[in-house]
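The values are calculated or read from the model by the stated rules, or taken from the named source; none is laboratory data. Please read these numbers as outputs of a predicted model, since none were measured by experiment. Positions of Cβ are backbone-derived with ideal geometry, glycine not excepted, and every protein chain shown enters the neighbour counts.
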């Protein structure tokens, strides 16, 4: 695995950059040379990307087309796929016949033994009755159906049907045969759909399709006879009889890899991000792969920690096969990247551009930091070796598309081809940060009116729609009531600690209790809930939002790492400037997050790997949203947070305490003192713990971000977004879960 993306290639870059204008033609010529360099790879890399938004009005999705573009840009610019070898089928073109026909023509009949194949599907999943040929083969072997009800999962093409007759799905067993019949072992299926629990959850649509027949009778539909015929064609081509088929169904040695967005009994989120919708799994997977390429058995737990962060317990990604050595050895796409890590990429778009303006695709950005890239952010364009060759300032963003302006170009000729890849240099923290709150449909109209009236004094709250696809700025949190229907869903998901039914509190956008502590007694009045308990919670959540906008561990070049240990178990993370060996992701937990029983002793270590001193701050945000400054100790000395070169701070013998749930550690590191940035946060944090005293988040915003702004030493008064430089601030985050003692 290459470590090229872990190098310090921007240290001192400012001095190497000149003020020469960089024309769009020059950019395109350089990108062309880069494309020619990638084309030298002799192995063919072929992709089939399927995404469907345009189901019926009842089943419409908003994110699959974004998923297709997320994968396309990643495969081309990070893994060196030729654009002509990536075949996309979207909306009306994504019929069952077209999907299978494209598979046969461009994958099955075209690739060779060493070639690489990626097949991605984003859309609805479903449950269908087993096909006739599979039932027959199972009967011949005197075996019962694999599923107790003789059901199988299926992908839902745009012409699926569902009016009572057979449906046009592509079944799980068909997918097994499709990957088995390919002439290469280097095949990966990425499935961002779900097979259970569809419908709307809070502000999120789940990617599971129910036919009219299922809604009326709870009976799964039959699959079209064409599915049996296609399965028979593949079996004949494989020369498989019943024994071989059954062995493959039950085997852990299947060809290639399958990466699934959730378990078969879970939902996959069509998730509203800032300005666009995408599959939570696809966005997190592609964003991860823009920065890391690690074995499959490490990649999927890493993505699971991200889906937990977004959708709580709703969605735990899985992979297949498990328990075999190759998943711990080979990366998810069976190849290493051919280009450096990046947050963005220059792309060609139709239509004229103003002088010096270019189009950007921002697929490598952390989803929680997107609002820091609306304008004023800057990116460094790099060559194939990771050397800086220019600077581009972001002018405006529309979802993951953006327009930028070229402001600098390197005066020196690069020894290696230019790439269209862009790495973060500055991010722009908005001058005003709000907490977007949605009123869940579990509230009555009267309760919603009371809530908006009672919270109007909290000027940082922005009320937004909870209807998927309605608002480009989705809610960060939902205010709602914990109903018996939600209770049934949480119990089925195995959530141990749950609020009392009919209590008021705060939910994630997937309508799961965000913080159990935010819920009160059953039947509590809305005004009482807000005035006695919830107002400080909103302030805590806003401060958490501010801190989340800072996290830049995949971009910062300051070499610092964070580790948590308890009872011999260890998880750790580092910045881009660090070593891959400093990243340890728990692989034995489904959610990729270390569970730590309450009362266990925890050791936290933050290490400065640089050759110069760093100032460090260490914060903990518990499951109730409360923020505590663990380091530095309270002091008037501006250097009390200073850590010597290649030294570490250790916080031993901390005790895991309630509340139960996801806890976040956040490290801030900078060559400049951080005491003043943390002073207000340290002062007001105690007022947020169960008190109705209303602290001022504006103070935190002013003291923290004015201190960290890269312009702070200039004579100019600060206005507009606060600019955070990857060379002067690192903010890295690590999650773990506090669980009851066994």
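List of remarks:
Quick grid of which residues meet (1) closer than 24 Å to residue 473 by Cα; (2) modelled with pLDDT under 90:
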{"residue": "309", "(1), (2)": "yes, yes"}
{"residue": "338", "(1), (2)": "no, no"}
{"residue": "352", "(1), (2)": "no, yes"}
{"residue": "398", "(1), (2)": "yes, no"}
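- Check on residue 450, touching a helix residue (DSSP H, G or I) at 6+ places or on another chain (Cβ under 6 Å) and under 30 Å from residue 337 (Cβ atoms): no
- Search result, residues across the stretch 511-529 that are part of a loop (DSSP other than H, G, I, E, B), surrounded by 14 or more Cβ atoms within 10 Å (Cβ to Cβ) and at negative phi: 512, 514, 515, 519, 520, 524
- When the residues of the stretch 704-722 are filtered to those that are at pLDDT 80 or above and touching a helix residue (DSSP H, G or I) at 6+ places or on another chain (Cβ under 9 Å), the one that is surrounded by the fewest Cβ atoms within 10 Å (Cβ to Cβ) is 706.
- For the stretch 276-287, the count of residues that are assigned by TED's automatic domain parsing to the domain that holds residue 80, modelled with pLDDT of 90 or more and assigned to a loop (DSSP other than H, G, I, E, B) is zero.
- Out of 294, 237, sole residue that is closer than 30 Å to residue 555 by Cα and surrounded by fewer than 22 Cβ atoms within 10 Å (Cβ to Cβ): 294
- Subset of the stretch 445-501 [touching a strand residue (DSSP E or B) at 6+ places or on another chain (Cβ under 9 Å) and assigned to a helix (DSSP H, G or I)]: 447, 448, 451, 452, 486, 489, 490
- Apart from one condition, residue 281 fits all of (1) over 15 Å from the mean Cα position of the chain (by Cα); (2) touching a residue at least 12 places away in the same chain (Cβ under 8 Å); the exception is (1).
- Some residue of the stretch 594-606 being modelled with pLDDT of 90 or more, in contact with a helix residue (DSSP H, G or I) (Cβ under 6 Å, 6 or more places away or on another chain) and assigned to a strand (DSSP E or B): no
- Checking each residue in the stretch 464-486 for being surrounded by fewer than 17 Cβ atoms within 10 Å (Cβ to Cβ) and closer than 24 Å to residue 520 by Cα picks out 483, 484, 485.
- In the stretch 663-679 there is no residue that is at pLDDT 75 or above, touching a strand residue (DSSP E or B) at 6+ places or on another chain (Cβ under 7 Å), farther than 30 Å from residue 594 by Cα and not in a loop (DSSP other than H, G, I, E, B).
- Of all residues in the stretch 641-652, none satisfies being touching a helix residue (DSSP H, G or I) at 6+ places or on another chain (Cβ under 9 Å) and surrounded by fewer than 17 Cβ atoms within 10 Å (Cβ to Cβ).
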